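Engineer: Structure incoming, see below.
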Amino acid sequence: MFVSRCSIFALAFTWAIGSALAADAPKEPVPTAAISYFRDIRPIFQVHCQGCHQPAKAMGEYVMTDLASLAKGGESEQKAVVPGKPDESHLIAQITPKDGKAEMPREKEPLTADQIQRIRQWIVEGAQDDTPLSVRDVINNEHPPVYEASPVLTALDFSPDDTLLAVSGYHETLLLKADGSELVARLIGQSERVESVAFSPDGKSLAVAGGSPGRLGEVQVWDVESRKLKYSLSVTYDTVYGVSWSGDGTKIAFGCADNTLRAIDAANGKQVVYQGAHSDWVLDTVFSKDATYLISVSRDRSMKLVEVATQRFVDNITSITPGALKGGLAAVDRHPTKDELLIGGADGIPKIYQMLRTKARVIGDDFNLIKAYEVMPGRIYDARFNSDGSRFVVSSSLDGTGEVRVYETDSGKLLHKLEGQHGAVYAVTFSTSGKVIASAGFDCLVRLNDADTGKLIKEFSPVPAGATKVAATGK
């Protein structure tokens with residue numbers, strides 16, 4: 001087709017005029033999505049505020065875990081949130097920095113300008129609560145969980161004086177007399193799932209790791225005598241695992257589903273170790289005897305060594321040769337008197353490793369391995385030494401059936417299999433005296449067995465019974 005130069009010029013001129021007119025025309029405002037409380041605001045409060053403002057620890061008589069309490073305010077008697085009126089909302093005044101400092105979060109860095117703006121805009125838009133009904137249930141000291149069946153049990157620990165047994169529950173940790181005869185306290189927190197519990201070396205505190213899958217990771221530290229929450233630390237947006245104490249009780253370590261290993265100052269929750277050397281979830285942790293090092297195991301099939309003071313990754317304690325480990329690692333414990341490490345995982349083989357390498361690494365070696373024991377059926381979930389390290393107990397699961405074995409550490413001799421085990425066993429531990437082994441898992445019962453004979457002493461549900469909508473959950 002023939003097009004004249006005049007026609008081309010006319011088309012170009014018309015396009016230019018049209019573009020200029022379009023540029024001068026008033027632009028329609030681009031619609032912005034409404035601020036969501038559940039998606040945008042709640043995560044900010046979880047990480048920065050709810051550790052000090054929840055039913056178990058309501059500083060300033062202010063609770064921020066549900067919208068009614070959040071809006072009401074605390075001891076100041078000023079309304080924290082006035083829908084549509086951010087300048088009349090006391091919360092905005094508390095979180096807005098002046099000269100670089102804000103009243104809240106107390107003694108921490110202020111929220112970012114973007115976070116404050118989002119909270120402000122949410123109030124402007126009416127401070128609506130769009131939390132799904134499925135996660136709106138209020139559970140606190142005034143409204144404790146009521147069970148129609150015990151939940152799957154994932155964690156337990158004896159107190160150092162053998163008077164108490166801490167057991168995981170739904171939204172709570174249950175403190176029982178060590179013989180299971182009485183429930184003495186219910187430590188109710190934010191975490192739906194409790195993945196790990198550990199008494200401090202002096203027995204005065206209890207650390208709890210868990211969270212709400214896909215929403216919240218949390219470490220709680222409780223005062224055992226008063227049954228009060230000392231502090232709660234929100235970490236990541238998924239459950240956390242494998243809580244452990246340093247021998248002097250000054251640090252607490254745990255693993256995260258964001259592939260990180262972390263440790264905090266036990267006195268105040270301040271982070272002192274952050275290490276990202278793992279490539280999958282970190283499921284268990286333990287300190288070296290003198291707390292110079294921190295050891296972690298992961299779904300990435302490795303056990304890693306980190307120097308606490310420098311937060312530096314030091315070594316892969318296990319072999320890094322492809323195929324040397326047949327799956328992830330779930331449990332680690334340190335020998336009570338020396339730096340030797342008991343591990344277990346997907347390959348079902350309990351193994352003990354020396355902590356520090358004394359020979360240059362050679363491709364294909366597993367030099368730090370001291371001893372591998374008889375393979376257990378299925379996957380190992382937990383492994384613990386007794387108080388002098390002469391024995392250890394290991395639990396596993398295969399096709400819904402659990403097994404717990406006790407080995408003699410030095411000889412490798414299988415001493416016995418514990419009586420009465422039925423479903424998968426997720427948690428085991430020795431009493432401090434070494435006379436009793438506690439175990440728990442998928443069948444929702446705690447079992448106490450004689451450590452010398454393996455005979456069943458007692459089995460019981462750790463939770464109070466009653467009508468409820470709380471159901472047992474799988475692992």
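Every number in this text was worked out from the coordinates using simple rules, so none of it is lab data. For clarity, every value in this text was computed on a predicted model and none was experimentally measured. A quick note on method: Cβ atoms are made from the backbone with ideal geometry, for glycine too, and the neighbour counts reach across all protein chains shown.
Engineer: Show me 395-401, 102-108 ranked by packing, highest mean number of other Cβ atoms within 10 Å first.
Structural biologist: On the way: 395-401: 18.0, 102-108: 14.3.
Highest-to-lowest ranking by the protection proxy: 395-401, 102-108.
Engineer: Report the extension gain between ASP450 and ASP114 in nm, rounded to one decimal, defined as 0.36 nm multiplied by the number of residues separating them, less their alpha carbon distance. Could you put the intermediate results ahead of the total?
Structural biologist: Values: separation 336, 0.36 × 336 = 120.96 nm, distance 5.80 nm.
Separation in residues times 0.36 nm, less the Cα-Cα distance, equals 115.2 nm.
Engineer: Another one. Is there a pair in LYS204/LYS417; LYS228/LYS417; LYS101/LYS251 whose C-alpha atoms are over 31 Å apart, and which pairs would that be? Working shown, then result.
Structural biologist: Working: LYS204/LYS417 33 Å; LYS228/LYS417 38 Å; LYS101/LYS251 28 Å.
Over 31 Å Cα-Cα: LYS204/LYS417; LYS228/LYS417.
Engineer: Where does the charge balance sit around ALA372 when Lys and Arg score +1, Asp and Glu -1, over other residues with C-beta under 13 Å from its C-beta? If you can, show how the numbers build up before the last one.
Structural biologist: Details: positive: LYS326, LYS351, LYS371; negative: ASP347, ASP366, GLU374.
Neighbour charge sum, excluding ALA372 itself: 0.
Engineer: Continuing with this model, one more query. Local charge sum around SER232 (other residues, Cβ-Cβ under 11 Å, Lys/Arg +1, Asp/Glu -1)?
Structural biologist: Details: positive: LYS57, LYS230; negative: GLU218.
For residues surrounding SER232, the net value is +1.
Engineer: Now for a different question. Where does each of LYS413, LYS458 land when they are ranked from fewest to most other beta-carbon atoms within 10 angstrom?
Structural biologist: Working: LYS413 12, LYS458 15.
Placing the least packed residue first, the sequence is LYS413, LYS458.
Engineer: Name the shape class, rounded, prolate or oblate, that the alpha-carbon gyration tensor gives for segment 129-269, where a ≥ b ≥ c are the square roots of its eigenvalues, rounded holds for a/c under 1.5, and otherwise prolate holds if a/b is larger than b/c and oblate otherwise. Before the final figure, lay out the partial values.
Structural biologist: Numbers: a/c = 1.81, a/b = 1.12, b/c = 1.61.
It comes out oblate by the Cα gyration axes.
Engineer: What is the extension gain from GLU225 to HIS422, computed as 0.36 nm multiplied by their sequence separation minus the C-alpha to C-alpha distance, in nm to one decimal? Provide the component values of the computation, followed by the final result.
Structural biologist: On the way: separation 197, 0.36 × 197 = 70.92 nm, distance 3.43 nm.
Here the segment from GLU225 to HIS422 would lengthen by 67.5 nm.
Engineer: Something else: Once every DSSP H run of n ≥ 4 in the chain is given -39500 (n - 2.57) and the sum is divided by its residues, what mean residue ellipticity at 222 nm do you get, rounded to the nearest 500 deg cm²/dmol? Could the numbers behind the result be given before it?
Structural biologist: Numbers: 5 runs with 51 residues, N = 475.
It comes out at -3000 deg cm²/dmol, rounded to the nearest 500.
Engineer: Taking a cut-off of 14 Å between Cα atoms, list the aspartates and glutamates near LYS85, but don't count ones fewer than 8 places away on the same chain.
Structural biologist: Excluding near neighbours in sequence, the set is GLU125.
Engineer: Let me ask another. Give the Kirkwood hydrodynamic radius (Å, one decimal) of segment 37-135, defined as one over the mean of 1/r across all pairs of different Cα atoms. Could you put the intermediate results ahead of the total?
Structural biologist: Working: mean 1/r = 0.0739 Å⁻¹.
Value: 13.5 Å, from the Cα pair sum.
Engineer: Segment 190-241 to segment 62-120: how many Å between their Cα centroids?
Structural biologist: Measuring centre to centre over Cα atoms gives 25 Å.
Engineer: For segment 165-216, report the translational diffusion coefficient in µm²/s to the nearest whole number, using Stokes-Einstein at 4 °C, 1.567 mPa s, and a Kirkwood Rh over Cα pairs. List each step's numbers first, then the result.
Structural biologist: Working: Rh = 11.5 Å.
Stokes-Einstein gives a translational diffusion coefficient of 113 µm²/s.
Engineer: Relative contact order, percent, of segment 37-135 when contacts are C-alpha pairs under 8 Å separated by at least 6 residues? Kindly include the intermediate steps, with their values, before the conclusion.
Structural biologist: Details: 131 pairs, mean separation 24.7, N = 99.
Dividing the mean separation by the residue count of segment 37-135 yields 25 percent.
Engineer: Also, I was wondering about something else. Based on a Kirkwood Rh over C-alpha pairs, give the Stokes-Einstein translational diffusion coefficient of segment 333-453 at 20 °C and viscosity 1.002 mPa s in µm²/s. Write out the running numbers ahead of the final one.
Structural biologist: Details: Rh = 14.7 Å.
For these conditions, the coefficient is 146 µm²/s.
Engineer: Still on this structure: Pick out, in residue order, every one of the trypsin sites (Lys or Arg not before Pro) in segment 269-340 that is DSSP loop and has at most 14 other C-beta atoms within 10 Å; say none if there are none.
Structural biologist: Values: sites: LYS270, LYS289, ARG299, ARG301, LYS304, ARG312, LYS326, ARG334, LYS338; in loops: LYS270, LYS289, ARG299, ARG301, LYS326, LYS338.
Passing sites in segment 269-340 are LYS270, LYS326, LYS338.
Engineer: Applying a 10 Å radius around every beta-carbon, put 192-201, 176-185 in order of their mean neighbour count, most first. Mind dumping the intermediate values first?
Structural biologist: Details: 192-201: 23.2, 176-185: 14.6.
Peptide ranking by packing, descending: 192-201, 176-185.
Engineer: Work out, step by step, the length gained on full extension between PHE38 and SER181: first 0.36 nm times the residue separation, then minus their alpha carbon distance; give nm to one decimal.
Structural biologist: Values: separation 143, 0.36 × 143 = 51.48 nm, distance 4.13 nm.
Answer, rounded to one decimal: 47.3 nm.
Engineer: Continuing with the same structure: Can you tell me how segment 221-308 classifies by the Cα gyration tensor, rounded, prolate or oblate, using a/c under 1.5 as the rounded cut?
Structural biologist: Working: a/c = 2.13, a/b = 1.41, b/c = 1.52.
Oblate is the answer for segment 221-308, as a/c is 1.5 or above yet b/c matches or exceeds a/b.
Engineer: Roughly how big is segment 300-450's charge dipole about its Cα centre, with Cβ charges of +1 (Lys, Arg) and -1 (Asp, Glu), in debye to the nearest 20? Walk me through the numbers on the way to the answer.
Structural biologist: On the way: 19 positive and 19 negative charges, 58 e Å.
Charge dipole, segment 300-450, about its Cα centre: 280 debye, nearest 20.
Engineer: If you split all Cα-Cα distances of segment 274-379 into 10 Å bins from zero, what percentages do you get per bin, shortest first?
Structural biologist: 15, 52, 30, 3
Engineer: While we're looking at this one, here's another question. Taking the Cβ of ASP450 as the centre, find all other residues whose Cβ is under 15 Å away and add up their charges (Lys, Arg: +1; Asp, Glu: -1).
Structural biologist: Values: positive: ARG391, ARG405, LYS417, LYS435, ARG447, LYS455, LYS458; negative: ASP162, ASP179, GLU419, ASP452, GLU459.
Counting the neighbours of ASP450, the net charge comes to +2.
Engineer: Still on this model: Counting each pair of different Cα atoms once, what's the Kirkwood radius of segment 349-420 in Å, rounded to one decimal?
Structural biologist: Values: mean 1/r = 0.0738 Å⁻¹.
Final number for the Kirkwood radius of segment 349-420 is 13.6 Å.
Engineer: Still on this structure: For the chain, what does the convex hull of the Cα positions come to per residue, in cubic angstrom?
Structural biologist: Working: hull volume 114.9 nm³, N = 475.
Each residue corresponds to 242 Å³ of Cα convex hull volume.
Engineer: While we're here: Expressed as a rounded percentage, what relative contact order does the chain have, with Cα pairs under 8 Å and six or more residues apart? Mind dumping the intermediate values first?
Structural biologist: On the way: 1193 pairs, mean separation 47.9, N = 475.
About 10 percent, as a whole number.
Engineer: At what distance in angstrom do the alpha carbon centres of segment 387-427 and segment 252-279 lie from each other?
Structural biologist: So the two Cα centres are separated by 29 Å.
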